[in-house]
1. Looking only at the range A:29-57, which residues are under 24 Å from A:Gly357 (Cβ atoms) and open to solvent by 40 Å² or more (accessible area, probe 1.4 Å)?
2. A:Val306 - would you say it is in contact with a strand residue (DSSP E or B) (Cβ under 9 Å, 6 or more places away or on another chain), open to solvent by 10 Å² or more (accessible area, probe 1.4 Å) and touching a residue at least 40 places away in the same chain (Cβ under 8 Å)?
3. Can you tell me which residue is farthest from the other protein chains (Cβ to nearest Cβ) among those in the range B:64-73 that are in contact with a Ser or Thr (Cβ under 8 Å, 6 or more places away or on another chain) and in contact (Cβ under 8 Å) with a residue 12 or more places away in the chain?
4. For the range B:275-375, give me every one of the helices (runs of 4 or more DSSP H) that falls completely inside it and has 2 or more residues that are within 16 Å of B:Ala170 (Cα to Cα) and within 14 Å of chain A (Cβ to nearest Cβ).
5. Given the options A:Gly222, A:Gly228, A:Gly213, A:Gly236, name the one that is in a loop (DSSP other than H, G, I, E, B), of a type in the set (Gly, Ala, Ser) and within 20 Å of A:Ala88 (Cα to Cα).
6. Return the only residue of A:Ala211, A:Ala224, A:Ala255 being away from every other protein chain (no Cβ under 14 Å), within 20 Å of A:Glu331 (Cβ to Cβ) and touching a residue at least 40 places away in the same chain (Cβ under 8 Å).
7. Cβ-Cβ under 7 Å, sequence separation 6+ or interchain: first residue in the range B:233-244 and in contact (Cβ under 8 Å) with a residue 24 or more places away in the chain, partner open to solvent by 20 Å² or more (accessible area, probe 1.4 Å). Which pairs?
8. Is one or more of the residues making up the range A:217-227 farther than 26 Å from A:Leu283 by Cα and in contact with a strand residue (DSSP E or B) (Cβ under 8 Å, 6 or more places away or on another chain)?
2 protein chains.
Amino acid sequence: MTGVGIVGVGTSHFGRQPDEDLVGLASAALTEAFGDAGTDEIDAVWVGTVFGPAGCGPRVLRALGITGVPVITIETACASGTVAFAEAHEAVQTGRYGRVLALGMEQMSTAFDGAISPEPTDPEGRSGLAMPALYAMAAARYLHLGMATPEQLAAVSVKNHAHARHNPRAQYAGVYTVEEVLASRMIADPLTLLQCCPTSDGAAAAILAPATGGPREIRVRGVASRTGRPWNHRSGHVWGHDLVRDTAVDAYAAAGLDGPGDIDVVEVHDAFTIGEIVTTEALGLVPPGEGGKAAATGLTALGGPVPVNPSGGLLSRGHPLGATGLAQVAEIVWQLRGEAGGRQVPDARLGLVETMGGGVSVLDGNACVVAVLEG
Amino acid sequence: MTGVGIVGVGTSHFGRQPDEDLVGLASAALTEAFGDAGTDEIDAVWVGTVFGPAGCGPRVLRALGITGVPVITIETACASGTVAFAEAHEAVQTGRYGRVLALGMEQMSTAFDGAISPEPTDPEGRSGLAMPALYAMAAARYLHLGMATPEQLAAVSVKNHAHARHNPRAQYAGVYTVEEVLASRMIADPLTLLQCCPTSDGAAAAILAPATGGPREIRVRGVASRTGRPWNHRSGHVWGHDLVRDTAVDAYAAAGLDGPGDIDVVEVHDAFTIGEIVTTEALGLVPPGEGGKAAATGLTALGGPVPVNPSGGLLSRGHPLGATGLAQVAEIVWQLRGEAGGRQVPDARLGLVETMGGGVSVLDGNACVVAVLEG
């Protein structure tokens with residue numbers, strides 16, 4: 001057996017937890033991941049966090065008794081956790097380290113009052129383009145071109161909130177109608193409150209090791225990671241599409257796949273409803289221009305042919321930035337093991353994780369990771 | 001030719017530059033490094049910064065026209081730049097990428113009014129143990145045990161400020177007497193102002209590629225990186241010693257050396273005078289207990305048998321955290337090429353870089369890197 005396996009995953013509860021701290025959040029994720037792996041022996045750690053304070057990686061690990069192993073803390077915006085996963089994968093694949101922990105953690109509730117304040121050196125942020133506004137521009141373009149309707153945007157929120165009813169770790173869940181989603185408070189036209197990810201605190205972890213073919217092991221079939229190219233104003237696509245597409249092409253090649261045809265279950269970066277629509281098209285899960293319809297028709301719902309975000313996604317499970325990518329990995333691992341409870345995709349064998357960090361402030365995107373996992 | 005070579009280095013000026021920004025600082029370092037390498041084609045970037053804002057890595061690179069390549073921003077306290085170097089080295093050595101840029105950058109003058117404010121979740125910081133106080137405790141122990149005198153501590157500052165007179169990029173330089181160093185304002189007893197690194201802004205870069213044996217190429221003989229183990233209260237050593245020692249043992253092994261006997265020139269982490277003393281002992285450059293005398297007797301001065309910090313070190317060149325490790329690398333590259341001007345160590349063939357990040361707040365240290373370079 002060659003390659004890299006995931007031998008343990010875990011997450012904290014996701015939600016507003018201002019009375020917690022990074023140590024408490026990480027403790028929940030690590031306790032579960034170590035229990036899942038049947039060992040707490042690790043050789044190195046990659047930590048993903050965006051707003052965690054300087055030194056927080058080794059400081060949190062120390063508080064949990066994890067010392068004396070290399071710890072590298074990385075920041076790649078919303079993809080920080082998934083890049084930590086990709087780096088851990090690389091370290092195991094090359095034989096640099098044996099068993100490697102990828103830990104993502106973030107406490108947003110104590111860092112921001114509402115949306116993330118744009119960094120003042122960010123040109124788009126200075127123009128008022130906070131993240132909801134950036135995604136709203138993409139959504140407005142989809143509406144303008146007739147590639148989606150307001151109701152189709154809302155259907156993504158309806159679907160993912162419904163999925164989250166089966167996820168006890170999710171921050172929000174519920175049965176909403178399209179009308180209720182559209183009637184919720186306008187955040188950045190056309191994106192209403194229920195179409196925006198919440199302010200979340202949480203942690204998630206995965207432990208990677210050389211594949212042995214063990215019965216509960218999930219194999220990493222392929223991982224790809226890219227940073228955006230300059231936004232091509234001649235491209236017909238909204239920002240992010242081209243980066244996700246190119247990263248997916250790399251990931252499918254790394255996994256030995258011709259495309260996404262055999263993928264059974266998917267977790268994508270739906271920080272805003274339009275994000276899921278753009279991403280499902282960019283990944284090739286639906287034809288170009290068909291992403292808007294996918295949630296409304298049930299194509300991407302649990303029970304449909306390509307379930308997307310069975311966990312509830314960022315919209316409903318929550319989006320503690322550095323933790324998100326590893327929570328996506330954990331969800332796909334549970335799905336591929338058949339441990340996803342009421343949100344289980346039957347007989348899932350191949351799963352995909354996609355995370356996108358940053359907006360046009362860093363061109364087409366700060367970082368994108370696509371991983372294909374196999375049960 | 002196998003292995004990894006350094007094909008280009010560059011730095012900005014180091015100093016208080018509050019009217020600059022990270023783009024301007026990085027531009028200076030990258031322009032020089034690309035010119036040195038004779039190309040600006042790179043396949044991936046690791047960025048080291050401690051207090052740079054979220055997303056600053058790709059944002060700064062975008063502003064300089066560097067897009068479409070993977071960018072990973074890492075934080076490992078004062079060793080961030082050197083860990084970026086170690087990660088770039090790993091990526092080239094394993095064939096993951098061809099030509100890799102390691103960039104370190106930091107603007108301290110606009111981030112802090114004086115010393116770094118300890119993070120409130122840091123137990124030692126909450127106790128008042130800011131970095132000068134942490135190092136002062138180590139210095140006080142050396143004095144208590146008779147392993148150093150106040151004059152020997154001061155001699156490190158005298159030496160490094162004198163070295164910096166030959167370094168046009170250094171923040172401070174000058175001819176001081178031991179008495180003047182001791183008479184400067186007390187910061188944390190026994191460390192006076194001139195024994196503490198200044199508040200600095202700067203950037204530094206190195207470009208790594210598969211070794212070709214080219215005439216100006218500097219070969220990476222070995223790199224090692226560690227995070228601290230729990231502080232052993234039974235150890236006779238002050239904090240940091242054991243971590244530097246263990247990392248050095250790894251680095252010498254990676255370089256195929258029995259020890260530091262053949263090292264011609266050294267750059268170490270002298271954030272405070274006691275740091276250089278502890279480190280020269282931990283690296284094995286001087287016998288245990290002899291570090292205090294080394295600067296005073298000229299052993300570690302330019303012209304002595306083991307010149308330490310010919311650049312002026314952190315004390316005099318300055319210490320923009322994320323940039324420091326790569327400025328150390330740049331200095332050793334210049335030394336091994338014979339391009340170090342008035343501070344040139346004659347016929348230097350083997351050089352060593354050591355950087356230490358963090359204090360007891362993360363046990364014996366957050367991160368330590370030791371690299372052996374060969375001209």
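1. So in the range A:29-57, the residues under 24 Å from A:Gly357 (Cβ atoms) come out as A:29-30, A:33, A:44-57.
The one that is under 24 Å from A:Gly357 (Cβ atoms) and open to solvent by 40 Å² or more (accessible area, probe 1.4 Å): A:Phe51.
2. Considered against the rule, which asks whether it is in contact with a strand residue (DSSP E or B) (Cβ under 9 Å, 6 or more places away or on another chain), open to solvent by 10 Å² or more (accessible area, probe 1.4 Å) and touching a residue at least 40 places away in the same chain (Cβ under 8 Å), A:Val306 comes out as yes.
3. Taking the range B:64-73 first, the residues in contact with a Ser or Thr (Cβ under 8 Å, 6 or more places away or on another chain) are B:64, B:67-73.
With the extra rule that they be in contact (Cβ under 8 Å) with a residue 12 or more places away in the chain, the set shrinks to B:64, B:69-73.
Numbers: B:Leu64: 12, B:Val69: 6, B:Pro70: 5, B:Val71: 5, B:Ile72: 6, B:Thr73: 5 Å.
So the residue we want is B:Leu64.
4. B:321-337
5. Step by step, each of A:Gly222, A:Gly228, A:Gly213, A:Gly236 is checked, and only A:Gly213 is in a loop (DSSP other than H, G, I, E, B), of a type in the set (Gly, Ala, Ser) and within 20 Å of A:Ala88 (Cα to Cα).
6. None of the other options fit; the residue is A:Ala255.
7. B:Val238/B:Arg141; B:Trp239/B:Trp231; B:Asp242/B:Asn232; B:Asp242/B:Ser235; B:Leu243/B:Arg226
8. The first filter runs over the range A:217-227 and keeps only residues farther than 26 Å from A:Leu283 by Cα, leaving none.
No, every residue in the range A:217-227 fails to be farther than 26 Å from A:Leu283 by Cα and in contact with a strand residue (DSSP E or B) (Cβ under 8 Å, 6 or more places away or on another chain).
The values are calculated or read from the model by the stated rules, or taken from the named source; none is laboratory data. If you're wondering where the values come from, they're calculated on a predicted model, not measured in any experiment. Using ideal geometry, Cβ is built from the backbone for each residue, glycine included, and neighbour counts are taken over all protein chains shown. For accessibility, only protein heavy atoms count, side chains too; no ligands or nucleic acids. Shrake-Rupley method; radii C 1.70, N 1.55, O 1.52, S 1.80 Å.
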